[in-house]
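Every read-out reported here was derived from the displayed coordinates using simple, explicitly stated rules and does not represent laboratory data. Owing to the predicted nature of the structure, the values given are computational and were not obtained by experimental measurement. Here the Cβ positions follow ideal geometry from the backbone for every residue, glycine too, while neighbour counts run over all protein chains shown.
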DNA sequence: TCCTAACATCAAAATTATTTGATGTAATTT
DNA sequence: AAATTACATCAAATAATTTTGATGTTAGGA
């Protein structure tokens, strides 16, 4: 055993860790990254526009959108029968490097 | 049904999506974020230094370190009996916003 | 050489997350 | 008012991840 370091649990608080965990979890899925990428290109899109593009049953798409929504990475706006989804760009920019913004939010570059 | 959009699967390639999925998955865990945060403070640390700090059985810690390692977020250097781990700072900076770098890699700020 | 410390790895169990298909609800159209 | 479209939600099935405890490996010390 080597010298015992002074106790230091790191400087990020527990609730912050939980918050970032949630956001990274939301990003940690190819299908959701693809959704983000599509929303970046198309600005604002309803679920019915999305299904034919990404080839996914509607309930599955709703599930993934909800995960992104709960992580506050996207926004939802109801307009009559349709639900329009769009990116929460400021939130994403606060999370991702400029380089990644270029990859996933092409409107950035 | 509204107008059918021109087909556009997003612009990020499949292998890239898989790569980012892996990296975000590695980040998507409080315990691993805590490890990153500790490595940021302590620069280079062996597993035996880490166990008492983060209160986790050794096999579990090894498991989480491996996930970070496979995502190329940390580096490992063997020195005799000890394995020293350190952050892959450039990789993390390519991933995280400046703001997040400040949170998790405090040496940044 | 034998013992121990510092790990990694493994298999089983436990926990979480995802997928699927069915059903529910509200708005719109006919 | 009935039918249809655009979703959300639910419960069950499946799959992936994490945790645990045991065992294996290697290097250094007695």
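Look at the stretch A:17-30: the mean tally of other chain Cβ atoms within 10 Å of its residues' Cβ atoms is 6. The average projected area of chain B, computed from the convex hull of its Cα atoms over all directions, is 9.8 nm². Treating each Cα of the protein assembly as shown as an identical point scatterer and summing with the Debye formula, the log10 of I(q)/I(0) at q = 0.14 Å⁻¹ comes to -0.85.
Between copies, the label points at residue A:69 (set 7 angstrom from Cα along Cα-to-Cβ) are spaced 4.2 nm, reported in nanometres from shortest to longest. Can you list, shortest first in nanometers, how far residue B:108 lies from the same residue in the other copies, with each label 7 Å from Cα toward Cβ? From this label point to the equivalent ones elsewhere in the assembly: 1.2 nm. Counting from the shortest, the label point at residue A:58, 7 Å from Cα toward Cβ, is 5.6 nm from the same position in each remaining copy.
Averaging the Cα positions of each part gives two centres, and for region A:84-109 and region A:28-58 these lie 15 Å apart.
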